[in-house]
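The values are calculated or read from the model by the stated rules, or taken from the named source; none is laboratory data. These figures come from a predicted structure and were not determined experimentally. Counting neighbours? That spans all protein chains shown, and the Cβs are built from the backbone with ideal geometry, glycine included. For the accessible areas, the whole protein counts, side chains as well, though only heavy atoms, and no ligand, DNA or RNA atoms are used. Shrake-Rupley method; radii C 1.70, N 1.55, O 1.52, S 1.80 Å.
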Amino acid sequence: MVSTAAAVFARQGYDQTTMQDLAASMGLATGALYHYFGSKEQLLRAICDELMEPMLERAREVSLSDAPPAERLRTLVRMWVTHVIEYCDHVLVFQQERHVIEFDPKWRKFHDSRKAFEHIIRHALDEAQTDGPRTGDSRLEVAALLGMVNHTPAWYRLSGRLRPDELAEGYLALLIGPE
């Protein structure tokens with residue numbers, strides 16, 4: 001249900017989509033959808049949780065590994081790129097509704113998860129950088145990486161010439177140099 005809702009929101013827009021539209025796309029009566037999700041906002045929250053929680057859990061696991069810093073960073077970015085491509089509709093919905101999510105106190109848990117993920121990425125990037133191009137500002141570097149990776153679903157096509165791991169390597173090469 002959540003993935004279907006993400007696809008409908010990504011295609012039609014959150015504000016333009018009704019619970020009736022969502023129920024029809026799922027082959028459900030509207031009342032049945034309300035049984036599972038009491039509102040569109042609950043569906044939006046489920047979409048964002050489905051996007052963020054598995055990625056944060058996996059990032060924590062990678063960050064605790066004994067691998068060398070550059071390898072941990074590469075593993076994190078590969079995982080991240082693969083995740084945003086797999087959950088492209090979820091990412092697109094988040095980007096559309098970010099203006100609400102970022103500032104509404106009801107979204108505190110999601111906001112905290114995003115900040116924890118960004119902290120993991122910043123720490124991995126700081127540890128891994130040695131000879132690559134440096135701006136001297138890790139916040140700027142993390143923001144650049146966030147922008148590159150999180151906007152991938154806006155243009156990436158599975159049938160294109162680059163695989164997710166090649167994209168990850170390309171993004172990393174811009175920040176820390178080639179492998």
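In the neighborhood of Val81, defined by Cβ-to-Cβ distances under 11 Å, what is the net charge if each Lys or Arg adds +1 and each Asp or Glu adds -1? Result for the neighbourhood of Val81: -1. From the helices alone, meaning DSSP H stretches of at least four residues, give me the mean residue ellipticity at 222 nm for the chain, per-run term -39500 (n - 2.57), in deg cm²/dmol to the nearest 500. Theoretical 222 nm ellipticity from helices: -23500 deg cm²/dmol.
Ordering Lys40, Lys109, Lys115 by accessible surface, largest first, gives Lys109, Lys115, Lys40; the 1.4 Å probe counts only protein heavy atoms, with every chain in place. Inter-label distance, Gln96 to Gln16: 0.8 nm, where each label sits 7 Å from its Cα along the C-beta direction.
Taking all protein chains together and rolling a 1.4 Å probe, Thr4 ends up with roughly 50 Å² accessible.
For the residues Tyr171, Tyr34, a 1.4 Å probe over the protein chains yields an accessible-area ranking, largest first, of Tyr34, Tyr171. Counting only protein heavy atoms and a 1.4 Å probe, the chain has 53 square angstrom of accessible area per residue.
For region 13-80, with all protein chains in place and a probe radius of 1.4 Å, 51% of the accessible heavy-atom surface sits on carbon or sulfur. Can you work out ³J(HN,Hα) from phi for every residue in region 45-62, in order, using Karplus 6.51 cos²θ - 1.76 cosθ + 1.60 and θ = phi - 60°, giving whole Hz and x for Gly and Pro? Whole-Hz 3J(HN,Hα) from phi for region 45-62: 4, 5, 4, 5, 5, 5, 6, 8, 4, x, 5, 5, 4, 5, 4, 4, 4, 5. Every Cα-Cα pair of region 1-140 was included, and the share exceeding 18 Å stands at 61 percent.
Residue by residue, region 30-38 carries 3J(HN,Hα) couplings of 4, x, 5, 5, 5, 5, 7, 9, x Hz when phi is fed to the Karplus relation 6.51 cos²θ - 1.76 cosθ + 1.60 (θ = phi - 60°); x denotes Gly or Pro. Model label sites at Leu56 and Gln42, defined 7 Å from Cα along the beta-carbon direction, differ in position by 2.1 nm. With both labels modelled 7 Å from their Cα along Cα-to-Cβ, the Tyr156 to Glu86 distance reads 1.2 nm. To the nearest ten degrees, helix 164-176 and the longest principal axis of the Cα atoms of the chain are 50 degrees apart.
Once the Cβ-Cβ distance of Ala144 and Lys106 is raised to the sixth power relative to R0 = 22 Å, the FRET efficiency obtained is 0.15.
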